[in-house]
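The values are calculated or read from the model by the stated rules, or taken from the named source; none is laboratory data. Just so it is clear, the structure is predicted and the values come from calculations on it, not from any experiment. Cβ coordinates were reconstructed from backbone atoms using ideal geometry, including for glycine residues, and neighbour counts include every protein chain displayed.
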């Protein structure tokens with residue numbers, strides 16, 4: 001059974017239970033009952049729905065912001081690991097050092113100029129980026145250290161390449177949107193219900209009430225847009241950036 005079927009059944013069951021109890025209770029009320037003596041529940045329900053929806057919005061914003069932060073952190077870790085490979089290769093012979101640094105530069109340049117755009121458009125990493133990182137790995141692992149100094153630098157270099165590969169994998173896992181469809185259904189439905197409750201309060205056409213209603217609706221729309229924008233850590237306006245790469249490899253700036 002899909003989650004949408006479960007959700008539909010749960011919502012329908014809740015509505016049926018509440019309406020059934022309300023109808024049964026209404027039939028038991030005598031003709032001498034005075035409704036004016038009972039406080040109106042509409043204001044209380046409106047307030048509670050607004051509070052609950054505000055909590056849901058806050059949790060959604062916190063979730064997508066955390067996902068964006070994790071995505072940016074994976075970029076920083078990947079760039080830092082490659083920078084360490086670039087720097088630690090200093091102890092190797094000139095030809096080996098040049099080859100490692102050249103391939104690191106090629107990988108970083110590809111990530112910044114091509115793979116970043118490819119992630120935004122296709123939600124995947126590029127095969128070329130994988131091949132370039134594998135080339136860096138082979139440069140490091142295939143070399144046999146000739147001195148104790150080179151031997152001491154060998155394992156840290158291998159570890160840094162592995163860290164870069166792991167960070168790249170984390171970056172690839174964070175490309176797609178983090179909010180599932182059922183959450184978006186709840187957010188949009190909640191927005192419609194919350195804004196629609198304005199009309200149950202007998203809003204009049206005074207400029208103050210119209211202004212507040214308009215601002216409230218605009219605020220809801222803005223918060224939903226903010227969640228949507230944060231939901232793709234690498235693909236929209238307020239997204240993770242390649243700044244750690246350009247900061248640690250300034251020689252590649254165009």
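Key figures
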item	result
Subset of the range 52-69 (residues that are within 12 Å of the chain's Cα centre (by Cα), closer than 12 Å to residue 187 by Cβ and surrounded by 19 or more Cβ atoms within 10 Å (Cβ to Cβ))	60, 64
Those residues of the range 116-157 which are under 13 Å from residue 89 (Cα atoms), over 31 Å from the mean Cα position of the chain (by Cα) and assigned to a helix (DSSP H, G or I), in sequence order	139, 140, 141, 149, 150, 151, 152, 153, 154, 155, 156, 157
Spans of helices (runs of 4 or more DSSP H) in the range 1-115 with at least 3 residues under 30 Å from residue 170 (Cα atoms) and modelled with pLDDT of 75 or more	42-88, 94-110
Where a residue in the range 95-114 is touching a residue at least 40 places away in the same chain (Cβ under 8 Å) and on the phi > 0 side of the Ramachandran plot and its partner, wherever it lies, is surrounded by 16 or more Cβ atoms within 10 Å (Cβ to Cβ) and assigned to a helix (DSSP H, G or I), with Cβ under 7 Å and at least six apart	none
Output for the range 216-254, where each listed residue is at pLDDT 80 or above, assigned to a helix (DSSP H, G or I), over 13 Å from residue 64 (Cβ atoms) and touching a helix residue (DSSP H, G or I) at 6+ places or on another chain (Cβ under 6 Å)	217, 220, 244, 245, 248
Residues within the range 158-180 that are in contact with a helix residue (DSSP H, G or I) (Cβ under 8 Å, 6 or more places away or on another chain), modelled with pLDDT under 85 and either part of a helix (DSSP H, G or I) or closer than 24 Å to residue 129 by Cα (or both), tallied	3
The lone exception for residue 77 - which of (1) touching a residue at least 40 places away in the same chain (Cβ under 8 Å); (2) buried (at least 19 other Cβ atoms within 10 Å of the Cβ) it fails	(2)
